[in-house]
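The structure appears below as structure tokens.
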């Protein structure tokens, strides 16, 4: 009887150990499923150390010579995820992540928050391919990913509070908020480049950098310029400088040069309009940036408008070639909305240059800009 009890005890112990292993395995699987679900919710625009690095030359080879080069691995997975997320899937096109220079993903990814229409959270990696080339998209604008045309609800006027006697005879004056919508519609920024077959076969890191810079830098520059100076016509988005309702200040010193009073006036205007908050940065052209580091605050003073740390009145001042001459744009860059529809679509035309073995690649990025509160920006310029 004791032998039977011992055998039963050993069996129960073995069963318990098996159950424990199954529970551990099940827990691991659950964790993996949760991570996959999180990755699915957050999208593929993720930057995590230790994950694969996106190889653009591999994608170009798969497009130009699909018989000998099949798109697989990390790049194929990204194309599939991006196509599912954006709802865009075109024969002969491959979806490229917008942070193509170093696209990486993993379970510990930051929250995108890109699908909410109102108060969308910021995401610093969404358009990271342009981060090195672009100043605007490194200023933490609000980034939204959309599928169709997007109308963002906006309260243009709020209700008003009143004092009343509360004695039965006095009444509260009625006031109703006014709602409008900030429209976002896709504008298409594109780049076209021709690559030789020999170059695509040389898939080393140097070649991949060349391909990235050649194709992406063009789009990066166009995005920067449009975010600041886009006209809103001729298929362009409307840039911040051309947005109706932004605050303005004119340099009054003769002969219309920037003074310390103008610097303080930009801050005063934003305080008056309750908008001096958030990611406050000033942008300017190269000549004004240079002048601000040479112009003293007060005659006879040794302190300049821009200090050695690149701060003007305590706020960063950054030069860019995409600002008009003699102009400073100061504001809260969280208020700039950048809306994208999917990712960069890379397509190929092999027939035009068939005899030379070269391949023409076309990259198209659907994008638009908007400003939630125009009074969050001040344009300070000459008269």
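Listed by position, the strands (runs of 3 or more DSSP E) inside the range 267-374 whose residues that are over 21 Å from the mean Cα position of the chain (by Cα) and farther than 30 Å from residue 59 by Cα number at least 2 are 327-332.
With respect to (1) modelled with pLDDT under 95; (2) surrounded by 14 or more Cβ atoms within 10 Å (Cβ to Cβ), the lone exception for residue 233 is condition (2).
Search the range 259-273 for residues being out of contact with any strand residue (DSSP E or B) (no Cβ under 7 Å at 6 or more places or on another chain) and in contact (Cβ under 8 Å) with a residue 40 or more places away in the chain, and hand back the single one that is surrounded by the fewest Cβ atoms within 10 Å (Cβ to Cβ).
Result: 264.
Being within 30 Å of residue 69 (Cα to Cα), buried (at least 21 other Cβ atoms within 10 Å of the Cβ), at pLDDT below 95 and touching a strand residue (DSSP E or B) at 6+ places or on another chain (Cβ under 8 Å) is the requirement here; does residue 192 meet it? Criteria not met by residue 192. Determine whether the range 108-117 contains at least one residue that is in contact with a helix residue (DSSP H, G or I) (Cβ under 6 Å, 6 or more places away or on another chain), surrounded by 19 or more Cβ atoms within 10 Å (Cβ to Cβ) and at pLDDT below 65. Yes: the range 108-117 contains one or more residues that are in contact with a helix residue (DSSP H, G or I) (Cβ under 6 Å, 6 or more places away or on another chain), surrounded by 19 or more Cβ atoms within 10 Å (Cβ to Cβ) and at pLDDT below 65. From the list 276, 269, the lone residue that is at pLDDT 95 or above and more than 25 Å from residue 137 (Cβ to Cβ) is 269.
Among the residues of the range 236-258, those that are closer than 14 Å to residue 284 by Cβ and surrounded by 18 or more Cβ atoms within 10 Å (Cβ to Cβ) comprise 240, 241, 249, 251, 258. For the residues 126, 135, 122, the requirement of being at pLDDT 75 or above and touching a strand residue (DSSP E or B) at 6+ places or on another chain (Cβ under 7 Å) singles out 135. Within the option set 180, 142, 203, being modelled with pLDDT under 75 and either within 30 Å of residue 317 (Cα to Cα) or touching a helix residue (DSSP H, G or I) at 6+ places or on another chain (Cβ under 7 Å) (or both) holds for one residue only, 203. Could you check the range 359-380 and list, in sequence order, the residues that are surrounded by fewer than 21 Cβ atoms within 10 Å (Cβ to Cβ) and out of contact with any helix residue (DSSP H, G or I) (no Cβ under 7 Å at 6 or more places or on another chain)? 360, 362, 364, 366, 374, 375, listed by residue number.
The values are calculated or read from the model by the stated rules, or taken from the named source; none is laboratory data. Only a predicted model underlies this, so the values are computations on that prediction, with no experimental measurement involved. Here the Cβ is made from the backbone with ideal geometry for all residues, glycine too, and neighbour counts use every protein chain on show.
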